[in-house]
1. Could you check region 102-185 for helices (runs of 4 or more DSSP H) lying wholly inside it with 3 or more residues that are assigned by TED's automatic domain parsing to the domain that holds D82 and closer than 30 Å to I63 by Cα?
2. Looking at (1) over 16 Å from the mean Cα position of the chain (by Cα); (2) surrounded by 17 or more Cβ atoms within 10 Å (Cβ to Cβ); (3) touching a residue at least 24 places away in the same chain (Cβ under 8 Å); (4) more than 22 Å from L50 (Cα to Cα), find the lone condition where A95 falls short.
3. Please specify each residue of region 156-185 satisfying the condition of being crowded, with 19+ Cβ neighbours inside 10 Å and either without any contact (Cβ under 8 Å) to a residue 60 or more places away in the chain or within 19 Å of F98 (Cβ to Cβ) (or both).
4. Please count how many residues of region 99-110 are crowded, with 17+ Cβ neighbours inside 10 Å and either more than 14 Å from A86 (Cα to Cα) or among the β-branched types (V, I, T) (or both).
5. Restricting attention to region 39-59, which residues are touching a strand residue (DSSP E or B) at 6+ places or on another chain (Cβ under 6 Å), at pLDDT below 90 and either aromatic (F, W, Y) or assigned to a helix (DSSP H, G or I) (or both)?
6. What is the one condition in (1) among the small types (G, A, S); (2) part of a loop (DSSP other than H, G, I, E, B); (3) not assigned by TED's automatic domain parsing to the domain that holds V144 that A86 does not satisfy?
7. Could you tell me which residue of region 108-128 is farthest from S146 (Cα to Cα), considering only residues that are among the basic types (K, R) and touching a residue at least 24 places away in the same chain (Cβ under 8 Å)?
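The values are calculated or read from the model by the stated rules, or taken from the named source; none is laboratory data. Predicted, not measured: the structure shown is a model, and the values here were computed from it. Here the Cβ positions follow ideal geometry from the backbone for every residue, glycine too, while neighbour counts run over all protein chains shown.
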Amino acid sequence: MLFGLATLTTLYAVTAARVVAARTGLATEEMLVGRAGKSADILRLAAGWLAEPDRDLSQGFTITLGGQVLRVTAVDVGGQIDLNTARPELLERAAAQFGIDADALAKFRQWRRAPNRVQRVEDLYRVSGIDRETTHAMRLAFTVYSGRRGVAKGFATGEAAAIVGADADAWNTPRSGTNFLILVHRDGQVQIAGIV
């Protein structure tokens, strides 16, 4: 009888743990789907806004989504450093700015010569071993969408401008005019919604 009670208690504990895990999994999935849906909505609105002739990229527009007021701005990707096409000297400056060691930079440059291309900034972790925290911090300075060897100085993000420094004219390239990084400003935080 004691053995039967122990078995029932164990089965109950296992079942309860599975139910809690399933509910947690569903809640997490709902949260992720909600975030993805919000980003998709923001990107759709931004694409429409970018089609307007008198838009101001830096001022952006505001929306209320889920009861929160968000400010959405756009950055021309020409104002970022393209990891796939930037001149080697510009990559060296960027490495110094973000504290990337020479071995990781050499590994990335060798990989890039193969000819390989990164699909997103976060690929630096996989390609060169640069830690995830650093690659996350680099997302406003870098892109893989501009195809430029330098930075469009009039459109440079603050992070990219800090890398080119006083030599902005030497690194100046045309803006993209077609691809934009969409940023969401909320409670003093800036999040990347995506590229349109």
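1. Filter on region 102-185 gives 132-137, 158-164.
2. (3)
3. A156, T157, E159, A160, I163, V164, W171, L181
4. Number of matching residues: 2.
5. Within region 39-59, S39 is the sole residue that qualifies.
6. Going through the list (1) among the small types (G, A, S); (2) part of a loop (DSSP other than H, G, I, E, B); (3) not assigned by TED's automatic domain parsing to the domain that holds V144, A86 breaks only (3).
7. Residues of region 108-128 among the basic types (K, R): 109, 112-113, 117, 120, 126.
Narrowing the set further to residues that are touching a residue at least 24 places away in the same chain (Cβ under 8 Å) leaves 112, 117, 120.
Details: R112: 16, R117: 13, R120: 12 Å.
Within region 108-128, the match that is farthest from S146 (Cα to Cα) is R112.
Yes/no matrix, rows are residues, columns are (1) among the small types (G, A, S); (2) surrounded by 18 or more Cβ atoms within 10 Å (Cβ to Cβ):
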site	(1), (2)
S128	yes, yes
R132	no, no
M138	no, yes
A141	yes, yes
G147	yes, no
G154	yes, no
